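Q: Structure in structure tokens, see below.
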Amino acid sequence: MPQRPLAVASAATGTLFLVAVASLALGAINLSLGDVWQGLTSDSTAFSHTVVWEIRLPRLLDAMVAGAALAVAGALIQDATRNPLADPTLLGVTPAAGLVGAAVAVWYPDSPQWALALASVAGGLAGAGIMLAAASRGDDSPVQLVLVGVGLSAFLSAIIVALLSSSRTFLQTSLGFLAGGLYGAEWKELSTAAPYAIVALGGAFVLAGRLNVLVLGDDVARGLGVNPGRTRAAALGLCGLLTGAAVAIAGLVSFVGLVCPHIARFLGGNDNRLVIPLTGLLGAVLVASADLVARLVIRPSEIPMGICTAIIGAPFLVYLVRRRA
Amino acid sequence: MKLVAESLSLSYHGRPVVEGASFALAAGELVAIVGANGSGKSTLLSGLAALKTPDHGRVLLDGRDVRCMDRRDLARHLAVLHQFATGGLDLTVRDLASRGRYPHRGPFHRETAEDRLAVERALTLANASVLADRKLGSLSGGERQRAWIALALAQEPEVLVLDEPAAWLDLKHESELMHLLRQLCNRGVLVVAVMHELLLATRFADRVIALAGGRIVFDGRPAEFLDPAFLERVFGVPMTIVRGPDGLPMPVMATGPACEAPALDGEAAGPLGVAASGL
């Protein structure tokens, strides 16, 4: 099944390219490939240039960065907790990032975009910190960890909804935030959040070799020369950064972090040095295609992109659970 | 390689379990650590492998304190087989064994031909070659144990520390494992194993270290360890030594009076006896 890393990686890259081209061409108004090319290359004031350069390209890049970040965040939290069903949303990291981001947006409506991104990242790190405390304290019990995470997640999600309902403003925006969406996403979301994500993606790649050993168990890892406590803390810290950046771009998107690592392992084997980059690629593909679908189904209007990832992700979750049983 | 414990004291969950253990082990020795449950065997082993910080004393590997060594450097010399390893169920046996190359290769470098060779050698030695492409989660306890042994061997250690290596193994694989450990010793590897099975320990080891209540009560040749009074003190049950068919001494549990089957006596007055004498 695996052992064709190059073929798998090229296939994923090819798919991403196709989705990217489609995302630039299709929408409320369809552009021909020639128009897309012209819009990308000419710095004219042509209509196609505005559509491609000001609307579709930033939105596509937003989708790719958020998708890659969430997917890799999922791979990291699954390895750090040694739980194949772990996911940043399920274990409260996404809601923590969302709560802090939403609180800043509601209480300080005039905040610049960089402050919102920073708030989401800080929230993500705080959520990851809580998970780290829970993971380090429990006697290696995955059940206990998931219970803490699910509790945290439900608690924070409730506060987010309470916060947004009390604000009486931007109902449309709130819905997009809660369900996860890229409505109106532009360059400023990308420029303020992507740096965190890119640094953390690099960090995850550096950590991959140690994660290969960490998944064997703390004692075994120690015996092979890997410090399990430090590796787990680094993995969860990077997970918090990535989740925070993704939330700042796309709101509360679920299931990307759960499914992408599993698909990557299915296609690419178990070596995290391949699985982590592949997971990132697949996350970019999934979110970019979900956003494409979200923009097309009821065009010229659109549905929140997070709904499409959930529609793909939820059945896959059921499939995974049944396959393991 | 020389592994030396200097008045080593260790705690488990805050409770002192090993006190003042001192010994020097040399390359090529097969050392069995024995003792009753809770006597501190596994904790002593963790101390030797630098998985636990001693309360007092230290462990020296060729004169270097193991707690001060870089962990990866230590892992190139010393491998540990843990008693309850539960991770890696999604990995194939070969993938698992190849992670034993981590200390040599580090987190970034790709596998070299030398690494692959070491992994195949380890799989062969651990008798796990036939399992190489199967996932750990699909194997029986004994098969998994062989996979974990392959991981430890892939490290190509000079000191191999094992906690109950024969647990889960059936008789055939138990005997193969003991011969493997002997073979490693002959190549100059120092093997230290906690052993539950007294018969295995005394038959295969060069040296027995017995713990009772956290203290070393015996350190010497297996033949000298096989003394009934002594065994009773270590294990808390009456023991006798019998000669096996090959003439070697075997420790067995002595049956106390309470366990003995009632002796049959021809003169006994039972219903059947009465009937017989009446004829």
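Every number in this text was worked out from the coordinates using simple rules, so none of it is lab data. Bear in mind that the values here come from a model prediction, so they are computed numbers and not experimental data. Cβ atoms come from the backbone with ideal geometry, glycine included; neighbour counts cover every protein chain shown.
Q: Counting residues in segment A:1-146 as N, plug N into 2.2 N^0.38 Å and put the Cα Rg over that result. Present the calculation step by step, with values, prior to reporting the outcome.
A: Values: Rg = 20.4 Å, N = 146, 2.2 N^0.38 = 14.6 Å.
Rg over 2.2 N^0.38 Å, computed on Cα atoms: 1.39.
Q: Something else about it: Given the protein assembly as shown, what whole percent of its Cα pairs are spread farther than 40 Å? Mind showing how you got there, number by number?
A: Working: 76327 of 182106 pairs.
Here the tail beyond 40 Å accounts for 42 percent of pairs.
Q: Would you mind listing how long chain B runs along its three principal axes, going by Cα atoms, in whole Å with the largest first?
A: 92, 44, 36
Q: Taking R0 as 41 Å, what's the FRET efficiency between A:Trp37 and B:Arg72 from their Cβ-Cβ distance, rounded to 0.05? Spell out each step's value before the answer.
A: On the way: r = 51 Å, r/R0 = 1.25.
That pair, A:Trp37 with B:Arg72, gives E of 0.20.
Q: Kindly put B:Cys68, B:Cys185, A:Cys239, A:Cys308 in sequence by how many other C-beta atoms sit within 10 Å of each C-beta, fewest to most. Don't skip to the answer; put the middle values down first.
A: Numbers: B:Cys68 10, B:Cys185 20, A:Cys239 35, A:Cys308 24.
Fewest-to-most Cβ neighbours within 10 Å comes out as B:Cys68, B:Cys185, A:Cys308, A:Cys239.
Q: Using label points projected 7 Å from each Cα along Cα→Cβ, tell me how many nm separate B:Ile241 and B:Ala229, to one decimal.
A: A separation of 1.3 nm, rounded to one decimal place.
Q: Given the options B:Ser129, B:Ser140, B:Ser175, state which has the largest fluctuation in a GNM of chain B using a 10 Å cut-off (strictly under) for Cα springs.
A: B:Ser140
Q: Compare the Cα positions of A:Pro195, A:Gly129, A:Leu40 along the charge dipole of chain A (+1 at Cβ of Lys, Arg; -1 at Cβ of Asp, Glu; about the Cα centre) and return the one farthest towards the positive end.
A: A:Gly129
Q: Residue separation times 0.36 nm, minus the C-alpha to C-alpha distance between A:Val206 and A:Val143: what's the value? Can you show the working numbers first?
A: Values: separation 63, 0.36 × 63 = 22.68 nm, distance 2.89 nm.
Result for the pair: 19.8 nm of gain on full extension.
Q: So for segment B:2-225, taking the charge dipole from beta-carbon charges (+1 Lys/Arg, -1 Asp/Glu), which of B:Val34, B:His82, B:Ser98 sits furthest toward the positive end?
A: Ranked along the dipole, the leading option is B:Ser98.
Q: Please compute the contact order of chain A in relative form: average sequence separation of alpha-carbon pairs under 8 Å and at least six residues apart, divided by the residue count, as a percent.
A: Details: 569 pairs, mean separation 101.9, N = 325.
It comes to 31 percent, rounded to a whole number.
Q: Let me ask something additional. Rg (Å, one decimal) plus Dmax (Å, integer) for the alpha carbons of chain A?
A: 19.4, 63
Q: Separate question: Could you grab the relative contact order for segment B:2-225? Cα pairs under 8 Å, six or more apart, rounded to a whole percent.
A: Rounded, it is 29 percent for segment B:2-225.
Q: Right, here's the next one. Given a 10 angstrom Cα cut-off, can you work out which residue in A:Gly101, A:Gly217, A:Gly180 is the most mobile in a GNM of chain A?
A: Per the Cα network of chain A with a 10 Å cutoff, A:Gly217 tops the list.
Q: With labels modelled as points extended 7 Å from the Cα through the Cβ direction, what inter-label distance (nm, one decimal) is found for B:Asp62 paired with B:Phe108?
A: 2.6
Q: Then there is this: How much net charge surrounds A:Arg295 when only other residues with a Cβ under 12 Å from its Cβ are counted (Lys, Arg +1; Asp, Glu -1)? Show your work: numbers first, answer last.
A: Working: positive: A:Arg56, A:Arg59, A:Arg299; negative: A:Asp291, A:Glu302.
Net charge around A:Arg295: +1.
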